[in-house]
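Visitor: The structure is given below, and queries will be raised subsequently.
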Amino acid sequence: MSDELPERPPVKLAPRPSNVCVCFHVPLHKIQAFIRQRRPRVTSQLSECFGAGTGCGWCIPFLEKIFEATKDDPNVIVDLGLTEEEYLQRRREYHTRINAAKMKDRREGE
Ligand code: FES
């Protein structure tokens, strides 16, 4: 029998956003720890986790997804389904849409 370890393909971990709430730098693991410890009854209580979701509002749908996925089992592994780059790109697009809507409202208000 050989002492050499069999060659295995490299394990690839799915990249994921480092911060779910970019405004307040709140990562997924902190949100999940908050859920395990505090057992919030509604999604909005996640705002008590370092202010998550109380800035631009971009992350609120993701907080809802995390809440729904973990409400029965807080230890479940949540996959947001986006890489860090995709997450931040969509957030930029969200801000572009919001800013365009605000400018339109201003023009129409003049
Ligand atoms: S990214 Fe969470 S409030 Fe802006």
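Coordinate-derived values only; no laboratory data. In this text the structure is predicted, and so the values were computed from the model without any measurement. Positions of Cβ are generated from backbone atoms using ideal geometry, with glycine treated the same way; all protein chains shown enter the neighbour counts.
Visitor: For the chain, what is the charge dipole size about the Cα centre, in debye to the nearest 20, if Lys and Arg each add +1 at the Cβ and Asp and Glu each add -1 at the Cβ?
Guide: Roughly 580 debye for the chain.
Visitor: Shifting gears a bit: Pick out, from Gln89, Pro61, Pro74, the residue whose Cα sits farthest towards the positive end of the charge dipole of the chain, with +1 on the Cβ of Lys and Arg and -1 on the Cβ of Asp and Glu.
Guide: Pro61
Visitor: Could you work out the Kirkwood radius for segment 18-59, taking every pair of different alpha carbons, averaging 1/r and inverting it, reported in Å?
Guide: Taking the inverse mean of 1/r over all distinct Cα pairs, segment 18-59 comes out at 10.1 Å.
Visitor: Restricting to DSSP H runs of at least four residues, report the calculated mean residue ellipticity at 222 nm for the chain, -39500 (n - 2.57) per run over all residues, nearest 500 deg cm²/dmol.
Guide: Values: 3 runs with 48 residues, N = 110.
For the chain, the value works out to -14500 deg cm²/dmol.
Visitor: Run the Debye formula on the Cα coordinates of the chain, all scatterers equal and no solvent, and tell me log10 I(q)/I(0) at q = 0.20 1/Å.
Guide: For the chain at q = 0.20 Å⁻¹, log10 I(q)/I(0) is -1.02.
Visitor: Only helices at least 20 Å long along their own axis, judged from Cα atoms, and with Kyte-Doolittle mean hydropathy of 0.5 or greater: name those in the chain from DSSP H. Don't skip to the answer; put the middle values down first.
Guide: Details: long enough: 84-109 (37 Å, -2.15).
Taking the DSSP H segments of the chain (at least 20 Å long, mean hydropathy at least 0.5), we get none.
Visitor: Assuming a ≥ b ≥ c are the square roots of the Cα gyration tensor eigenvalues, decide whether segment 48-87 counts as rounded (a/c under 1.5), prolate (otherwise, with a/b larger than b/c) or oblate.
Guide: Oblate, since a/c reaches 1.5 and b/c is not below a/b.
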